[in-house]
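Quick notes on the structure that follows.
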4 protein chains.
Amino acid sequence: MSSPLIVVNFKTYLQGTGEGAVEIARACRDVGASSGLTIGVAPQLCDIYRVASQVDVPVYSQHVDGVGAGSFTGHAFARCVRDAGACGTLINHSERRLRLADIDASIQASKDVGLSTIVCTNNVATTAAAAALGPDYVAVEPPELIGSGIPVSKADPEVVTDSVAVVERIDPGVKVLCGAGISKGEDLKAAMELGSVGVLLASGIVKSKDPTAALRDLVSLIR
Amino acid sequence: MSSPLIVVNFKTYLQGTGEGAVEIARACRDVGASSGLTIGVAPQLCDIYRVASQVDVPVYSQHVDGVGAGSFTGHAFARCVRDAGACGTLINHSERRLRLADIDASIQASKDVGLSTIVCTNNVATTAAAAALGPDYVAVEPPELIGSGIPVSKADPEVVTDSVAVVERIDPGVKVLCGAGISKGEDLKAAMELGSVGVLLASGIVKSKDPTAALRDLVSLIR
Amino acid sequence: MSSPLIVVNFKTYLQGTGEGAVEIARACRDVGASSGLTIGVAPQLCDIYRVASQVDVPVYSQHVDGVGAGSFTGHAFARCVRDAGACGTLINHSERRLRLADIDASIQASKDVGLSTIVCTNNVATTAAAAALGPDYVAVEPPELIGSGIPVSKADPEVVTDSVAVVERIDPGVKVLCGAGISKGEDLKAAMELGSVGVLLASGIVKSKDPTAALRDLVSLIR
Amino acid sequence: MSSPLIVVNFKTYLQGTGEGAVEIARACRDVGASSGLTIGVAPQLCDIYRVASQVDVPVYSQHVDGVGAGSFTGHAFARCVRDAGACGTLINHSERRLRLADIDASIQASKDVGLSTIVCTNNVATTAAAAALGPDYVAVEPPELIGSGIPVSKADPEVVTDSVAVVERIDPGVKVLCGAGISKGEDLKAAMELGSVGVLLASGIVKSKDPTAALRDLVSLIR
């Protein structure tokens with residue numbers, strides 16, 4: 001089992017906004033360093049520069065639009081996201097669904113500036129479709145389990161194993177993450193055993209009273 | 001004629017991205033200081049913190065979503081926008097149109113954290129509608145003139161005067177800006193004479209070879 | 001108290017689809033005729049022609065796009081809606097929210113072909129905004145009460161009276177409907193007493209085991 | 001070369017609205033019958049019932065939403081579309097782009113009621129993605145050529161051959177159509193020679209002064 005990719009999505013949680021984003025990013029960096037694992041953070045667009053300029057941690061954007069330089073107002077421009085310090089981005093999160101053509105454009109715009117791409121999907125069929133677009137990662141997250149506290153690895157393990165199988169067939173160069181309800185060490189371990197290479201998670205860490213302790217528990221069963 | 005509000009929208013222009021955003025913001029600050037006028041900037045979401053922490057200039061967001069703290073990914077959360085250093089925000093720009101209920105929610109979310117609100121509209125009817133929602137400003141910009149180089153004050157002066165009249169009737173506390181094709185001193189002067197209290201502009205400054213000179217020209221006829 | 005306007009929205013309820021739409025439309029026609037009231041129906045777009053060509057009842061579309069003749073695929077074109085037999089349309093229903101500029105365009109497109117316009121809104125502020133666009137009706141429906149079985153006239157009477165007051169101030173030519181949770185005679189009576197000129201309703205009639213009886217109850221307290 | 005599928009999209013062209021839709025549908029039926037080819041029509045949602053109940057021609061919807069029976073207003077419900085007389089539907093046309101998860105839901109909803117599915121795409125990558133969702137057809141149409149009068153088979157033949165190749169690899173059960181700029185017999189012939197099994201077209205037929213003659217020319221080189 002190789003080293004997993006863990007990405008903590010800060011959403012618009014108050015605890016992960018502004019200075020709070022910097023603090024949780026520091027916890028991710030510290031637990032990542034002590035465990036030897038890669039723990040990335042996905043703060044809000046407005047917090048990318050603040051976090052990336054203060055904390056040595058992989059920073060992902062929560063969203064990138066498939067637009068170039070030009071007359072676009074209120075969009076997440078890949079070049080700006082990267083210049084602010086991000087190394088990658090979520091695309092098509094269940095709370096920010098995109099049109100198919102825009103997912104393709106977002107992946108291309110992100111690749112053009114060197115951002116790693118994680119396309120979120122809701123089931124095996126859309127995982128297959130997303131893999132056909134050639135992102136770095138597809139992250140399958142059944143929407144009904146997001147924020148539920150019930151880990152996808154327990155509630156619906158087949159969505160993970162089937163996603164891994166279909167992506168292997170469509171494009172073996174694409175890696176599979178999973179998410180929804182993930183918060184504990186056993187969840188991450190189960191996710192890896194099902195064939196995913198890592199997890200997306202959010203409230204289980206960001207809204208925890210002690211994010212550092214929550215992160216330590218998360219990585220406790222991986223070595 | 002009281003002092004106008006000038007807001008320069010950086011869109012996703014390369015010249016106004018990252019360090020470029022900081023440089024143009026400095027030009028706005030300098031020309032604002034020397035002319036005694038308020039020249040605000042509207043950089044991309046990812047650049048708000050970078051600009052606001054380095055340049056003493058009023059910073060506006062290009063967009064705010066009508067969402068609160070919680071499970072929202074890839075959204076512009078008013079609290080985060082403000083904590084990054086913005087004093088206000090554009091809402092419903094023609095390149096980022098919102099649903100009516102979301103404009104209302106965005107105004108409320110912005111007001112709740114003290115952000116000044118500028119709702120963009122495309123004609124007199126939508127200006128009246130936007131004014132009924134009680135923002136600080138409505139900025140009327142006929143979409144066909146945006147980026148055209150033909151100033152709204154010349155091509156369609158009635159859209160400005162009629163907007164001023166209808167807003168006065170709906171809510172005299174709301175102020176009217178105008179935009180589209182504005183770049184020169186005569187455009188700003190004409191806009192003020194038509195009853196608006198200021199202008200939105202973009203490419204005429206941001207894509208200029210010499211933004212400082214362009215800004216000086218812009219304010220040259222106001223005293 | 002003048003004669004109210006009652007519009008029954010069939011949504012995508014199975015009971016109100018295809019031949020079911022024709023049957024419920026007949027019930028509306030019959031109860032309308034016997035009570036002397038106007039009871040309109042809002043079937044799905046695909047059912048407008050079928051209903052209008054078979055039943056003598058006012059037919060409203062559930063939606064009209066603000067597009068003209070041309071290269072638009074999958075849109076509800078006002079001319080086609082009217083030619084299919086509709087006399088009016090809902091616009092911006094809470095289940096089909098539109099951007100502000102598109103609500104304005106939809107109202108204009110509808111008026112151009114003689115369709116009566118009913119713009120749905122979610123609170124007093126958006127009611128005021130919608131009234132400023134000059135539709136025939138604004139229908140205020142707090143989203144949290146839609147389908148709840150709790151009538152807006154009981155749960156939130158102020159949203160109706162305040163809507164009536166604000167619309168009177170913005171444009172006295174616009175009439176106010178209300179909706180959400182309306183199904184019984186006492187609900188309609190209360191809605192009229194609060195100053196609205198009619199109601200939108202849906203599941204209380206369409207999903208009733210006996211729509212004719214439900215309609216008779218609805219109109220039983222109006223004379 | 002087997003018999004091609006030809007689908008004529010009426011968009012919101014005035015010539016293809018209401019009684020005009022019925023007339024062009026008759027032309028499609030007649031030329032289809034005399035040539036032995038399948039020529040389907042895609043009228044507006046409001047015209048499906050009118051056309052299907054009067055003309056013996058395969059009728060496709062321009063759009064289906066991925067919703068079931070229930071509280072959905074202004075949506076194209078697959079069951080209603082089928083009950084109105086459609087045998088299939090376009091999904092994700094370039095003028096009605098959908099989110100990835102909604103394309104998947106629309107395909108499923110359509111299949112559940114027996115509608116044939118044609119998912120439109122804009123390039124080879126999105127064609128691959130759409131094929132992974134398992135529709136009956138994918139129709140690749142470079143947006144910049146739609147309505148241009150320049151046939152995709154001449155301007156960009158590789159987008160067709162590459163689409164055919166990638167779909168064969170992803171799911172050989174999915175068939176490939178192409179479209180954009182198609183109007184003449186040589187265009188259809190070229191499209192078939194490039195490996196597609198048919199074409200989508202629109203203005204070349206619907207806006208023609210003589211649709212029957214235009215259709216005859218279209219099928220003149222196929223036998």
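Taken together, the values in this text are just the output of simple stated rules run on the coordinates, not laboratory data. Keep in mind that this is a model prediction, so the values were computed, not measured. All Cβ positions, glycine included, derive from the backbone under ideal geometry; neighbour counts span all protein chains shown.
Just a few scattered comments:
- Between identical copies, the spacing of A:I222 label points, each set 7 Å from Cα toward the C-beta atom, reads 5.4, 5.4, 6.3 nm from nearest to farthest.
- The Cα atoms of chain D give a gyration tensor whose axes a ≥ b ≥ c have a/c of 1.5 or more with a/b no greater than b/c, which makes the shape oblate.
- Residue-averaged 222 nm ellipticity for the protein assembly as shown, from DSSP H runs of 4+ at -39500 (n - 2.57), nearest 500: -11500 deg cm²/dmol
- For D:E158, label point 7 Å along C-beta direction: distances to other copies, nm: 4.2, 5.2, 6.5
- Sorted by Cβ neighbour density within 10 Å, fewest at the top, the residues B:C178, A:C46: A:C46, B:C178
- DSSP-defined antiparallel bridges as percent of all bridges, the protein assembly as shown, nearest 5: 0
- Gyration tensor (alpha-carbon) shape descriptor, the protein assembly as shown, a/c threshold 1.5: rounded
- The number of Lys pairs in segment D:5-219 with C-alpha atoms less than 14 Å apart, excluding pairs fewer than 8 positions apart on the same chain, is 4.
- Of D:S3, C:S208, D:S183, the sequence from fewest to most neighbouring Cβ atoms within 10 angstrom is D:S3, C:S208, D:S183.
- Between copies, the label points of A:G185, set 7 Å from Cα on the Cα→Cβ line, lie 6.9, 7.2, 7.7 nm apart, reported in increasing order to one decimal in nanometres.
- Distance between the modelled labels on A:A69 and B:E23, one decimal in nanometres: 1.1 nm (7 Å Cα→Cβ projection).
- Footprinting exposure proxy for C:I91, B:I150 (fewest neighbouring C-beta atoms within 10 Å first): B:I150, C:I91
- Backbone N within segment D:30-51 under 17 Å of label point (7 Å from C:Q54 Cα along the Cβ vector): D:46-51
- Placing pseudo-labels 7 Å out from each Cα toward the beta carbon at D:E158 and D:L14 gives an inter-label distance of 4.2 nm.
- Estimated from the Cβ-Cβ distance and a Förster radius of 41 angstrom, the FRET efficiency linking D:D112 and C:D210 is about 0.90.
- Between segment B:78-157 and segment A:160-193, the alpha-carbon center distance in angstrom: 42
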